[in-house]
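The values are calculated or read from the model by the stated rules, or taken from the named source; none is laboratory data. Worth saying up front: this structure is predicted, and the values here are computed from it rather than measured. Glycine gets a Cβ as well: all are built from the backbone with ideal geometry, and neighbour counts include every protein chain shown. Only protein heavy atoms, including side chains, enter the accessible area calculation; ligands, DNA and RNA are left aside. Shrake-Rupley method; radii C 1.70, N 1.55, O 1.52, S 1.80 Å.
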Amino acid sequence: MVESYIHKTPHSKALYERAKKVLPAGVSYGARYFEPYPFYTAKAKGSRLYDVDGNEYIDFWLGHTTLILGHSPPEVMNAVREQVEHGTHYGTPHELEIELAEQVVKMVPSAEMVRFSNSGTEANMYATRLARAYSGRIGIAKFEGGWHGGYDALQVGVKYPFDIPESAGLTCGATQDTEILPFNDLETAKKKLQGRQVGAVIVEPVLGAGGGIPAEKDFLKGLREYCDDTNTLLIFDEVITGFRLAPGGAQQYYGTKPDITILGKILGGGFPIGAICGSTETMERLNMLVYKRPHYSFHGGTFVANPVTMTAGLATLKLLEDGHFINDLNRTGDKIREQLARIFETQRIDVQVIGVGSIFNTHFTKQEVKNAIIAANADKERLFEYDMTLISKGLFFLPTHNGVLSTAHSKADLSKLLVETEDYARKHKAP
Ligand SMILES: Cc1ncc(COP(=O)(O)O)c(C=O)c1O
């Protein structure tokens, strides 16, 4: 299937050769690279990506899981076009940022105040600092396999084996001040926290990069209780789950409220964004009129709350607010997981098709996937082979990453996924 991919993508190969000279690894983000080289996209619309060789792909990666309404949905694009005529970047306060903040407060159960940033990484970075400033404690706890972006204090314990540094250049402080806890294992997590005095526990309600692994409901509830008992802030990183699992995100879906929520992806309606939100009391630490140095916690940035992003985000949230799109997608997600699992089962291939709502992933293992260690030890080569087979058939999953659904996927798009999976499973059936 790699030969078939190479055969279909000569222009991408040429672009890759050119890109390697000016972009390390030929890409702007390592996660976008896959062997033998990634295809380069020429345009995108609805559920489709089109590469520079004219190949068409049904997109299940959807801009790092961002595009819940598909590529360039007309309602969002019309609003953006109109806004561009009025300016792309003011560098002054404006009404659109108030409107989007009000919309977030209306939809996200634990949000009383909001601050926008340009990415999920940035939002997590400022939230970590806010948590330290608010609690007066430096330690932060995160979970094995949790991905919160490339900020030093949180880029630890992401990939198995978790004791290898995720990047060169991290200081000892960054790693020593972060406690890494086992996901979906409350009792061990609590034991590891004994005597640690962390200011915040940050968790993805569904491990995204870790493999699409949902938290157990009681695990999140237990974390809430632990944080209440120990005066620790609970942070939900809802960069993926926000506005995807429910209009109010995973906290609405699971019924557990965090103190601070991190948002991103869907919130920007296809434009760069991140956000921190939480109770007024917590968020007021960012208020330089109330807190002065050294008690004030800084947040800001040249492009934060730019009016184009605010417009796209607002148009997107208005469409998602009543939940009907999200509920439909969640039902479709349940069905797709069930159908994919049945296809593999019929061919006696050991697979766990996991996820929740409109997020899904396929792990080639017999074991129930409850944490990132089990996901990491599944057969990744097999998953890569399956994903590359799908790519060569015109279905794009960024190899080994989660797939997501959007309102732009048609019934025919989804049946193609089932048909091609059936074909793959038949050809690779267990003896
Ligand atoms: C759960 C989660 N948090 C944070 C981030 C970082 O967001 P960004 O890539 O916008 O910096 C990501 C990105 O994939 C994510 O999945």
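Could you check the stretch 141-160 and list, in sequence order, the residues that are away from the ligand (no atom under 14 Å from the Cβ) and closer than 20 Å to Ser297 by Cβ?
Correct list: Ala141 only.
Could you please tell me which pairs satisfy a Cβ distance under 6 Å, a separation of 6+ or placement on different chains, a first residue in the stretch 236-247 that is within 16 Å of Ile260 (Cα to Cα), and a second residue that is assigned to a loop (DSSP other than H, G, I, E, B) and within 13 Å of the ligand (Cβ to nearest atom)?
Pairs that qualify, where the first residue is within 16 Å of Ile260 (Cα to Cα) and the partner is assigned to a loop (DSSP other than H, G, I, E, B) and within 13 Å of the ligand (Cβ to nearest atom), are Phe236/Pro205; Asp237/His148; Asp237/Glu204; Ile240/Gly208; Thr241/Pro205.
Give the stretch 69-104 a look and list any residue that's within 23 Å of the chain's Cα centre (by Cα) and within 13 Å of Gly270 (Cβ to Cβ), or say none.
Answer for the stretch 69-104, where residues must be within 23 Å of the chain's Cα centre (by Cα) and within 13 Å of Gly270 (Cβ to Cβ): Leu69, Gly70, His71, Ser72, Pro73, Val76, Met77.
Need pairs with beta-carbon distance below 6 Å; first residue free of Cβ contacts under 8 Å to residues at least 40 places away in the same chain and open to solvent by 30 Å² or more (accessible area, probe 1.4 Å) and within the stretch 112-134, second part of a loop (DSSP other than H, G, I, E, B) and within 12 Å of the ligand (Cβ to nearest atom); sequence gap 6+ or separate chains.
So the pair list comes out as Met125/Tyr151.
Step by step: first the residues of the stretch 401-431, then only those that are touching a residue at least 40 places away in the same chain (Cβ under 8 Å) and in contact with a Lys or Arg (Cβ under 7 Å, 6 or more places away or on another chain), then the one that is least open to solvent (accessible area, probe 1.4 Å). Which residue is that?
Ala430
Does Phe384 meet the test of being open to solvent by less than 60 Å² (accessible area, probe 1.4 Å) and assigned to a helix (DSSP H, G or I)?
yes
Please go through the stretch 158-189 and give me each residue that is open to solvent by less than 30 Å² (accessible area, probe 1.4 Å), more than 17 Å from Ile373 (Cβ to Cβ) and among the β-branched types (Val, Ile, Thr), ordered by number.
Result: Thr178, single match.
I'm told Ser297 meets every condition in (1) closer than 27 Å to Pro74 by Cβ; (2) touching a helix residue (DSSP H, G or I) at 6+ places or on another chain (Cβ under 7 Å) except one. Can you identify the failing condition by its number?
Failing condition for Ser297: (1).
Filter the stretch 356-373 down to the residues that are touching a residue at least 60 places away in the same chain (Cβ under 8 Å) and at negative phi and list them by number.
The answer is Val356, Ser358, Ile359, Phe360, Asn361, His363, Val369, Lys370, Asn371, Ala372, Ile373.
Can you confirm whether the stretch 161-174 contains a residue that is within 14 Å of the ligand (Cβ to nearest atom) and in a strand (DSSP E or B)?
no
Say we look at the stretch 47-76 and pick out the residues that are open to solvent by 40 Å² or more (accessible area, probe 1.4 Å) and part of a helix (DSSP H, G or I); which of these is nearest to the ligand (Cβ to nearest atom)?
Per the criteria, the residue is Glu75.
Look through Ile180, Ile164, Ile138 and report the one residue that is over 30 Å from Ile326 (Cβ atoms) and in contact (Cβ under 8 Å) with a residue 60 or more places away in the chain.
Going through Ile180, Ile164, Ile138 in turn, the sole match is Ile138.
Results for (1) among the aliphatic types (A, V, I, L, M); (2) open to solvent by 10 Å² or more (accessible area, probe 1.4 Å); (3) under 15 Å from Phe116 (Cα atoms), shown as yes or no for each residue.
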{"site": "Glu238", "(1), (2), (3)": "no, no, yes"}
{"site": "Gly248", "(1), (2), (3)": "no, no, no"}
{"site": "Tyr254", "(1), (2), (3)": "no, yes, no"}
{"site": "Ile260", "(1), (2), (3)": "yes, no, yes"}
{"site": "Phe271", "(1), (2), (3)": "no, yes, yes"}
{"site": "Cys277", "(1), (2), (3)": "no, no, yes"}
{"site": "His295", "(1), (2), (3)": "no, yes, no"}
{"site": "Val304", "(1), (2), (3)": "yes, yes, yes"}
{"site": "Gly323", "(1), (2), (3)": "no, no, no"}
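Restricting to the stretch 356-376, count the residues that are in contact with a His (Cβ under 9 Å, 6 or more places away or on another chain) and open to solvent by 20 Å² or more (accessible area, probe 1.4 Å).
Summing the residues that are in contact with a His (Cβ under 9 Å, 6 or more places away or on another chain) and open to solvent by 20 Å² or more (accessible area, probe 1.4 Å) in the stretch 356-376 gives 1.
What residue, among those in the stretch 83-110 that are aliphatic (A, V, I, L, M) and part of a helix (DSSP H, G or I), is farthest from Leu320 (Cα to Cα)?
Going through the qualifying residues, I end up with Val84.
Could you please let me know if Gln83 is surrounded by 16 or more Cβ atoms within 10 Å (Cβ to Cβ), in contact with a Pro (Cβ under 8 Å, 6 or more places away or on another chain) and over 30 Å from Pro182 (Cα atoms)?
yes
Only residues that are under 20 Å from Ser135 (Cβ atoms) and within 13 Å of the ligand (Cβ to nearest atom): list them for the stretch 191-237, please.
Scanning the stretch 191-237 gives Ile202, Val203, Ile235, Phe236, Asp237.
Given the criteria farther than 29 Å from Ile240 by Cα and either open to solvent by less than 20 Å² (accessible area, probe 1.4 Å) or touching a helix residue (DSSP H, G or I) at 6+ places or on another chain (Cβ under 8 Å) (or both), does Lys21 qualify?
It is false that Lys21 is farther than 29 Å from Ile240 by Cα and either open to solvent by less than 20 Å² (accessible area, probe 1.4 Å) or touching a helix residue (DSSP H, G or I) at 6+ places or on another chain (Cβ under 8 Å) (or both).
Here are some conditions: (1) under 29 Å from Ile273 (Cβ atoms); (2) within 23 Å of the chain's Cα centre (by Cα); (3) not basic (Lys, Arg). Tyr160 meets all but one. Which one does it not meet?
It is condition (1) that Tyr160 fails.
Just the residues that are within 16 Å of the ligand (Cβ to nearest atom) and under 18 Å from Ala111 (Cβ atoms), please, taken from the stretch 129-139.
Listed by number, the residues that qualify are Leu130, Ala131.
Select from the stretch 228-275 the residues that are assigned to a strand (DSSP E or B), closer than 17 Å to Gly146 by Cβ and aliphatic (A, V, I, L, M) and list them in ascending order.
Leu233, Leu234, Ile235, Ile260, Ile262, Leu263, listed by residue number.
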